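The values are calculated or read from the model by the stated rules, or taken from the named source; none is laboratory data. What you see is a predicted model, and the numbers here were worked out from it, not measured in a lab. Cβ placement follows ideal geometry from the backbone for every residue including glycine, while neighbour counts extend to all protein chains displayed. Accessible surface is based on the protein model in full, side chains and every heavy atom, while ligands, DNA and RNA are left aside. Shrake-Rupley method; radii C 1.70, N 1.55, O 1.52, S 1.80 Å.
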Amino acid sequence: MATVQLNEAQQAAVAAPDGPALVLAGAGSGKTRVIIERMAWLVEERGVAPRNLLALTFTNKAAGEMRNRFAQRVAMDHIPSFIGTFHSFGLWVLRRNADLLHRPKNFTIFDDQDQVSLIKRLLKELPKTFKPVPPREALGFISRIKQIEPYPNWSDPPESPDEETCRELWGRYHDVLKACGAVDFDDLTALTAFLLERFPEVRDKYRQRFNHVLVDEYQDTNRSQYIIARCLGENSNIFVVGDEDQSIYSWRGADINNILDFARDFPNARVFRLEQNYRSAPSILDAANAVVAHNVNRLGKRLFSEQEGGVPVSFFFAEDADVEANFVAEDIARHKKEGQTVAVFYRVHVLARLMEEALRTRRMPYIVVGGIKFYSRKEIKDIIAYLRLLVNPADDESLRRILNVPARGIGETGRAQLVDYAALRGISLTQALREIEMDAGVAPRTQRAATELADILDELHLVSLNAPVAELVEQLLDRVAYRDYVERSDEKESRNRIEVVNEFVVACSQYDARAANKGLAGFLEELALISDVDALDEDDNAITLMTCHCAKGLEFDHVYIIGLEEEMFPMMRYDDDEDIEEERRLCYVAMTRARKRLTLAAAETRMLYGVTNNHRQPSRFIEEIGEARLRIIDVDNKPARGTEKGKAPADAPDSQTGSAHPLKTGDVVRHARFGRGVVLYTKGAGSKFQARIRFDSGRHTSLMVAKAPIEIVK
């Protein structure tokens with residue numbers, strides 16, 4: 001077994017005997033290496049056929065890395081193992097069992113924008129007796145229910161008018177999906193879980209095929225993903241890798257109890273702990289460990305590193321958010337070296353604006369992860385709608401999008417007539433295009449336009465059967481004069497929009513080169529599985545701005561976390577223990593993305609959503625890190641308190657008296673005038689020794705300790 005590069009804990013996990021196994025892999029502890037070596041060990045030492053291995057993860061990027069590294073490890077050009085995301089595995093299963101769910105094998109996959117567009121239309125069509133709800137709220141309801149039961153029977157009455165509306169939308173929404181021969185993104189796992197639970201013959205077939213199931217990031221599994229793993233692994237060999245301290249996606253259905261209760265779900269499970277970190281400097285790990293140790297719901301581990309050197313974690317408490325952003329920009333300029341990667345994290349995306357301005361004014365290149373995404377641009381969505389119709393003519397939602405794009409003489413009246421005709425005949429809108437000329441009540445212009453569009457789709461469908469995707473798209477653009485449409489539609493933005501269209505053609509060419517013979521259907525499937533972070537190039541010289549959630553799974557040489565204030569991080573809406581624990585885990589995840597330097601920042605004054613708050617307090621996570629682990633700096637990037645080793649000057653002699661000053665962060669003091677308060681931080685020395693104090697009255701004041709009438713209470 002080739003495990004010379006593995007430490008003792010990793011070797012033990014890789015060579016685990018048959019049966020259930022849980023590997024608790026801390027941040028940067030080499031979990032991907034362990035999964036790769038486990039698969040290689042099964043193939044080389046145990047004689048397991050690669051086709052009997054199923055490895056599941058969450059992002060295309062992680063799956064691609066896993067496939068490539070495993071192929072190199074076992075020296076195979078083609079890997080018959082299934083290594084992919086839960087969603088890609090679900091798609092693979094559903095394509096082969098679509099008939100059991102009364103879906104065509106070539107079903108369309110609705111993305112987020114398709115879903116929002118559909119829900120908005122359905123809301124308009126609801127009778128006035130139903131209470132209106134926000135589209136996103138309705139989709140959230142649909143997604144949550146789907147993880148529990150894809151086909152609910154609603155035996156209990158709705159608890160509120162909102163729920164009554166959402167239930168009605170549930171039925172109408174899925175009627176449209178079924179009529180379109182479509183599924184949404186959640187269905188890829190929810191319906192797969194349903195198949196495995198309700199159809200024993202399907203479950204047995206895949207259990208026989210995959211007798212070794214490996215799951216990465218197990219702490220991120222939601223209900224349906226948990227069912228998939230349990231159904232395939234409960235009578236086989238299941239090997240899951242995860243970290244309960246990095247469970248940060250409860251808002252999208254992830255359940256930390258899946259990993260906490262693994263030993264209950266799989267009796268006799270062996271548990272392995274990977275605690276040696278190969279990514280971060282020891283000072284970063286010490287600070288991150290100190291934060292997450294305050295959580296109760298954890299299985300327990302403490303990261304350590306054998307690296308030497310490193311600098312203390314820095315903390316800067318700015319007067320306001322502008323000072324914070326400018327400080328970070330200047331600090332990046334001061335410390336960034338050629339080839340080093342830098343990222344700025346924040347809890348909510350609204351904090352990016354000032355940071356962008358600070359970088360832009362200094363002409364420092366940056367990218368924002370989670371901004372307007374390329375594949376969400378209108379031009380791209382239009383083209384994709386045409387392409388989806390070529391694969392699945394029953395996709396009414398795609399046809400609705402491009403029915404008069406570019407304008408071809410089918411106005412609102414013509415659209416309504418087409419929809420009514422299709423509903424009356426019980427046919428798809430595409431079929432209605434072909435038959436609408438038989439309806440004497442439809443204007444001749446609309447009839448001609450509908451027939452012409454049907455002819456275009458039929459012609460391009462024939463082209464799609466053999467042509468590369470890029471060639472097909474070029475013919476589509478030419479046939480519907482889409483570039484002309486873009487140039488006419490917005491003169492000011494036409495050049496940029498044409499560049500977007502051309503870039504899409506380039507993306508199609510790249511797909512043709514790497515995925516020969518997979519054709520248009522494969523291209524559309526790949527698009528449907530794209531995630532925000534997949535396109536991120538960590539080696540790019542630009543500074544990366546992103547939310548802490550987006551940072552999961554990434555790493556950078558220098559990391560800055562801004563907005564570390566109470567009511568911001570942790571968020572003000574989270575006040576129960578479970579929510580605070582997830583916020584703490586999110587902070588831990590963000591901190592452990594840093595390799596060499598970690599800088600934390602907060603602002604005393606910040607405007608949010610038009611409201612200015614002048615008395616913001618540093619996050620409780622700063623206090624949990626502890627004074628001794630922080631190098632607190634001032635606006636000029638000089639230590640306000642602390643040495644290069646992170647020791648507070650309270651440990652050093654006072655420059656005038658020769659004695660150590662006893663006042664430190666966290667001390668409770670009483671002022672003769674302002675009353676009781678807590679020390680937020682201290683800076684300076686000797687006669688210039690200052691303390692920033694938050695008084696119980698709400699007042700925040702910096703005082704010269706030598707002159708202020710204060711006493712230490714505790």
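The table below gives the values:
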quantity: Flag if Gly677 is modelled with pLDDT of 80 or more, under 41 Å from the mean Cα position of the chain (by Cα) and either over 23 Å from Ile625 (Cβ atoms) or surrounded by 13 or more Cβ atoms within 10 Å (Cβ to Cβ) (or both); calculated: yes
quantity: Selected residue [surrounded by fewer than 18 Cβ atoms within 10 Å (Cβ to Cβ) and either of a type in the set (S, T, N, Q) or modelled with pLDDT under 95 (or both)] from Pro200, Pro135, Pro157; calculated: Pro157
quantity: Test: Arg96 is in a helix (DSSP H, G or I), at pLDDT 95 or above, out of contact with any strand residue (DSSP E or B) (no Cβ under 8 Å at 6 or more places or on another chain) and open to solvent by 70 Å² or more (accessible area, probe 1.4 Å); calculated: yes
quantity: Candidates Val183, Val176, Val215, Val241, filtered to the one that is surrounded by fewer than 23 Cβ atoms within 10 Å (Cβ to Cβ) and touching a residue at least 24 places away in the same chain (Cβ under 8 Å); calculated: Val176
quantity: Contacts under 8 angstrom Cβ, first residue in region 157-168 being within 20 Å of Leu118 (Cβ to Cβ), partner open to solvent by 60 Å² or more (accessible area, probe 1.4 Å), 6 or more apart; calculated: Asp162/Lys131; Asp162/Glu137; Glu164/Lys131; Thr165/Lys131; Thr165/Pro132; Cys166/Glu137; Arg167/Trp154
quantity: Those helices (runs of 4 or more DSSP H) lying entirely in region 334-410 with at least 1 residues of a type in the set (A, V, I, L, M), at pLDDT 95 or above and under 28 Å from the mean Cα position of the chain (by Cα); calculated: 378-391
quantity: Filter result (of a type outside the set (Val, Ile, Thr) and either open to solvent by less than 30 Å² (accessible area, probe 1.4 Å) or modelled with pLDDT of 90 or more (or both)) within region 104-116; calculated: Pro104, Lys105, Asn106, Phe107, Phe110, Asp114, Gln115
quantity: Test: residue in region 600-623 that is modelled with pLDDT of 70 or more, on the phi > 0 side of the Ramachandran plot, open to solvent by less than 40 Å² (accessible area, probe 1.4 Å) and not in a helix (DSSP H, G or I); calculated: no
quantity: Among the candidates Ile79, Ile83, residue that is hydrophobic (A, V, I, L, M, F, W, C), farther than 20 Å from Leu177 by Cα and at pLDDT 95 or above; calculated: Ile83
quantity: Pair list, Cβ < 8 Å and 6+ apart or interchain, from region 439-450 residues that are among the β-branched types (Val, Ile, Thr) to residues that are in a helix (DSSP H, G or I) and open to solvent by 50 Å² or more (accessible area, probe 1.4 Å); calculated: Val442/Gln417; Thr446/Thr413; Thr446/Gln417
quantity: Failed criterion for Gly19 (all others in (1) touching a residue at least 40 places away in the same chain (Cβ under 8 Å); (2) out of contact with any Lys or Arg (no Cβ under 8 Å at 6 or more places or on another chain) hold); calculated: (2)
quantity: Residues being out of contact with any strand residue (DSSP E or B) (no Cβ under 8 Å at 6 or more places or on another chain) and in a helix (DSSP H, G or I) - total across region 236-252; calculated: 5
quantity: In region 1-32, the residues that are in contact with a Leu (Cβ under 7 Å, 6 or more places away or on another chain) and open to solvent by 20 Å² or more (accessible area, probe 1.4 Å); calculated: Ala9, Gly30, Lys31
quantity: Verdict on Leu101 being at negative phi, of a type in the set (A, V, I, L, M), modelled with pLDDT under 95 and more than 23 Å from the chain's Cα centre (by Cα); calculated: yes
quantity: Per-region count, region 261-283, residues hydrophobic (A, V, I, L, M, F, W, C) and open to solvent by 40 Å² or more (accessible area, probe 1.4 Å); calculated: 2
quantity: Options Arg46, Arg38: the member that is open to solvent by less than 10 Å² (accessible area, probe 1.4 Å) and either assigned to a helix (DSSP H, G or I) or not aliphatic (A, V, I, L, M) (or both); calculated: Arg38
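Per-residue answers, yes or no, for (1) touching a Gly at 6+ places or on another chain (Cβ under 8 Å); (2) modelled with pLDDT under 90:
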position: Arg514; (1), (2): no, yes
position: Asn517; (1), (2): no, yes
position: Gly522; (1), (2): no, no
position: Leu527; (1), (2): no, yes
position: Ser531; (1), (2): no, yes
position: Leu545; (1), (2): no, no
position: His549; (1), (2): no, no
position: Glu565; (1), (2): no, no
position: Phe569; (1), (2): yes, no
